[in-house]
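Contents: one structure, followed by commentary.
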Amino acid sequence: MADSFAWATEAFIAGQWRPAADGKRFPVSDPATGAILAEVADCSALDAEAAIDAAHTAFSAWAARPAQNRSAILRRWRDLIVDKADALAAVLTAENGKPLAEARGEILYGASYLEWFAEEALRLNGDVIPSASPNNRILVIKQPVGVCAAITPWNFPNAMLMRKAAAALASGCTLVAKPAEDTPLSGLAVARLADEAGVPAGVFNVVPTSRPAQVGAVMTGDDRVRKISFTGSTGVGKKLLEQSASTVKRASMELGGNAPFLVFADADLDTAVEGAMASKFRNAGQTCVCANRLLVDRSILPEFAQRLADRAAALKVGPGIEDGVEIGPLINEAAVRKVERLVAEARDAGARMSAGGRRHAAGPLFFEPTVLESVTPDMAVVREEIFGPVAPLIGFDTEDEAVRLANDTPFGLAAYVYTRDLGRAFRVGEGLEYGMVGVNEGILSSAAAPFGGVKQSGFGREGSHLGLDDYVNVKYMLMGGLGA
Ligand code: ADP
């Protein structure tokens, strides 16, 4: 059990911990055991409006602070989070289920965005452009867009929030964040530390809710909210974009993926198997950049499949708080049902299970790490985002075929390529219609890199020197009367 500081259960609005205006609460449970962890304030439209009011009130003073001041506060927030990493990881594992080591890794990864954007805040430079007339100069300055709204998912309850909060606050924006209903506690826990770090009241607000559509409608419909940043499913992203059209909001959308993992015959097989294990089974397969389809040159497919199946079968499945556990539970019953359906449909259509394939004995929400062979590109397990520990393997014969299969999806978030041929790495890497490509690497997230997708995986980039672009308006000022 986490140290008690971390268990904040009220909404955090205008620097105050508040119950929902209508007094409602909702339960948050541990997916490993089903035990209720906490009853959390269940925010409605009223609370969302109060949070937007607070963010709106706080905006101009926050935006007017010197970047050095905002940077110092973000850095303090980061230091507090790193100090409390163990307690925050315990909260994260309790509500999300991922193994403690992974949860701790997520906390540090989330904190790395605060560190990164604390530094980027100092470099929000503009431009001075020579004009066609000697009488004037073209000035370009960057200003914060205003109040931002963030809607974040349950699979990285800390890092997806920190990624957005760090960039927003560094730019001088204020934020209203709505964490996912399965995992609100991690977001509330970092709010406590924001307060301690000196983030002023109203600059960072968290509104937990079991009624996301209600809160989302307020966030998208309010004209004072100038930007929405969403990480979640493509279906919800489309809805939020439609809703945001009425107020012409800026938007960043990090949506679903269907990552292909390409292994060519010239690849280092040990590295490729290692990468596939990391990319596929991290967070029990519940990440939007998880390998969703493993496309393997037919000449090495049997050996690759055998090695992957052996490794998958050896993974330790169990509650995230147990030592050495590598695969925790899935987030909820609906997630397990989806994985069961995809595996059953693949099996009925002729796929062969070389590892796993069923719910795991550890508990109702656990699923066995699964490897499927004889998979064909038309199967649902290939076309849909699995979000579970299931690795479908498909053979290919040529490089062209591999790239064609990889691009045959409406999604375009992450892709992976394993090859030792430099020319092929560039050809295939450039030919893949994806926002991110890992070459001989199965994990590619980093605060220093631009994270984001193309096609129906969304738009906007989080992290890197590009990460502030989505939170600033570019203003052109013509400086005249300079007298030539
Ligand atoms: P998943 O299927 O992985 O749970 P979702 O897209 O449903 O992904 O959830 C991601 C986030 O979107 C969560 O915070 C969830 O509460 C939120 N969400 C779901 N439906 C809506 C909606 N209609 N409006 C606003 N937010 C929503």
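The values are calculated or read from the model by the stated rules, or taken from the named source; none is laboratory data. Bear in mind that the values here come from a model prediction, so they are computed numbers and not experimental data. Cβ coordinates were reconstructed from backbone atoms using ideal geometry, including for glycine residues, and neighbour counts include every protein chain displayed.
Looking at the stretch 205-259 only, could you name the residues that are in a strand (DSSP E or B), of a type outside the set (G, A, S) and within 23 Å of F451 (Cα to Cα)?
Hits for the stretch 205-259 are R226, K227, I228, F230, T231, R250, M253, E254.
Across the stretch 255-280, which residue is farthest from V390 (Cα to Cα) among those that are surrounded by 24 or more Cβ atoms within 10 Å (Cβ to Cβ), among the hydrophobic types (A, V, I, L, M, F, W, C) and within 18 Å of the chain's Cα centre (by Cα)?
L255
Taking the stated definitions as given, is D182 charged (D, E, K, R), within 14 Å of the ligand (Cβ to nearest atom) and either more than 18 Å from the chain's Cα centre (by Cα) or closer than 24 Å to R282 by Cα (or both)? Spell out the reasoning first.
Details: charged (D, E, K, R): yes; within 14 Å of the ligand (Cβ to nearest atom): yes; either more than 18 Å from the chain's Cα centre (by Cα) or closer than 24 Å to R282 by Cα (or both): yes.
So D182 fits the description; yes.
Taking the condition of being hydroxyl-bearing (S, T, Y) and within 19 Å of V289 (Cα to Cα), how many residues in the stretch 339-386 meet it?
To start, the set of residues in the stretch 339-386 that are hydroxyl-bearing (S, T, Y) comprises 354, 370, 374, 376.
Filter once more, keeping what is within 19 Å of V289 (Cα to Cα): 370.
Going through the stretch 339-386 one residue at a time, the tally reaches 1.
Being within 18 Å of A447 (Cβ to Cβ), among the hydrophobic types (A, V, I, L, M, F, W, C) and either at pLDDT below 95 or assigned to a helix (DSSP H, G or I) (or both), is that true of even one residue in the stretch 144-155?
There is no residue in the stretch 144-155 that is within 18 Å of A447 (Cβ to Cβ), among the hydrophobic types (A, V, I, L, M, F, W, C) and either at pLDDT below 95 or assigned to a helix (DSSP H, G or I) (or both).
Residues are listed down the side, and each one gets a yes or a no for (1) more than 8 Å from the ligand (Cβ to nearest atom); (2) among the hydrophobic types (A, V, I, L, M, F, W, C); (3) within 21 Å of the chain's Cα centre (by Cα):
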position	(1), (2), (3)
R211	yes, no, yes
G216	no, no, yes
D223	yes, no, no
K227	yes, no, yes
G232	no, no, yes
G237	no, no, yes
L240	no, yes, yes
A245	yes, yes, no
R250	yes, no, yes
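Has the stretch 66-85 got at least one residue that is more than 21 Å from the chain's Cα centre (by Cα), touching a residue at least 12 places away in the same chain (Cβ under 8 Å) and closer than 29 Å to G221 by Cα?
Yes - at least one qualifying residue is present in the stretch 66-85.
Determine, yes or no, whether R337 is over 23 Å from G105 (Cα atoms) and over 23 Å from the mean Cα position of the chain (by Cα). Before you say what the answer is, go through the steps one by one.
Numbers: over 23 Å from G105 (Cα atoms): yes; over 23 Å from the mean Cα position of the chain (by Cα): no.
Criteria not met by R337.
Just a yes or no: is a residue in the stretch 168-177 touching a Pro at 6+ places or on another chain (Cβ under 9 Å) and within 12 Å of the ligand (Cβ to nearest atom)?
no
Name the single residue that is farthest from D42 (Cα to Cα) among those in the stretch 161-199 being in contact (Cβ under 8 Å) with a residue 60 or more places away in the chain, assigned to a loop (DSSP other than H, G, I, E, B) and in contact with a strand residue (DSSP E or B) (Cβ under 9 Å, 6 or more places away or on another chain).
Among residues in the stretch 161-199 that are in contact (Cβ under 8 Å) with a residue 60 or more places away in the chain, assigned to a loop (DSSP other than H, G, I, E, B) and in contact with a strand residue (DSSP E or B) (Cβ under 9 Å, 6 or more places away or on another chain), the one farthest from D42 (Cα to Cα) is G172.
Every residue, every condition in (1) more than 30 Å from E326 (Cα to Cα); (2) touching a Ser or Thr at 6+ places or on another chain (Cβ under 9 Å); (3) surrounded by fewer than 16 Cβ atoms within 10 Å (Cβ to Cβ), yes or no:
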site: G34; (1), (2), (3): no, no, yes
site: S44; (1), (2), (3): yes, yes, no
site: Q68; (1), (2), (3): yes, no, yes
site: D79; (1), (2), (3): no, no, yes
site: A89; (1), (2), (3): no, no, no
site: G97; (1), (2), (3): no, no, no
site: W116; (1), (2), (3): no, yes, no
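Counting only residues that are surrounded by 24 or more Cβ atoms within 10 Å (Cβ to Cβ) and in contact with a helix residue (DSSP H, G or I) (Cβ under 7 Å, 6 or more places away or on another chain), which one in the stretch 374-387 is farthest from K98 (Cα to Cα)?
Restricting to residues being surrounded by 24 or more Cβ atoms within 10 Å (Cβ to Cβ) and in contact with a helix residue (DSSP H, G or I) (Cβ under 7 Å, 6 or more places away or on another chain), the top hit is V381.
Kindly list, by first and then second residue, each pair from a residue in the stretch 232-252 that is of a type in the set (K, R) to a residue that is within 13 Å of the ligand (Cβ to nearest atom) and not in a helix (DSSP H, G or I), limited to pairs with Cβ atoms under 6 Å and residues at least 6 apart or on different chains.
So the pair list comes out as K249/I228.
Check off (1) more than 18 Å from the chain's Cα centre (by Cα); (2) touching a residue at least 60 places away in the same chain (Cβ under 8 Å) for A132 and give me the number that stays unchecked.
Failing condition for A132: (2).
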